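Presented below is the structure to which this report refers.
Derivation of every value follows stated rules applied to the coordinates shown; laboratory data play no part. Keep in mind it's a predicted model, so treat the numbers as computed, not measured. Neighbour counts run over all protein chains shown; Cβ positions are idealised from the backbone, glycine included.
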């Protein structure tokens, strides 16, 4: 049996984000039963503040779908962002609610996955190039 597609949740254990990572794992397991073959947690200690979710469809195809933006540009530079601006589309401020994470995963999976009541809500905020909600964009 193939272990793909799979989701990996990488989180900083020093920041005590275990419970958040486990909660996301539970939400994804319940929502994508039979669609995801593996969901794993990877605690990290050498990259403080890290919280990211990746989707792998094959051993050579891993895509970051969510990454928490560092508040400090120097940390971003130190831990992998090439220019420290964290401008890639997968960077977000704070943590996603479960609805947002489910939509991000669903939109990258092959085939249509119905999310039930979540599909009734407006998720157009995810398509924003600035990763800001419409209200924030209108205020600017």
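If a spin label sat at a point 7 angstrom from the Cα of residue 22 along the line to its beta carbon, the backbone N atoms of the stretch 31-47 nearer than 13 Å would be those of 41.
With R₀ fixed at 30 Å, the C-beta to C-beta distance from residue 15 to residue 58 puts the FRET efficiency at about 0.45.
Legend: calculated FRET efficiency, residue 114 to residue 37, from the Cβ-Cβ distance at R0 = 22 Å, rounded to 0.05, equals 0.70.
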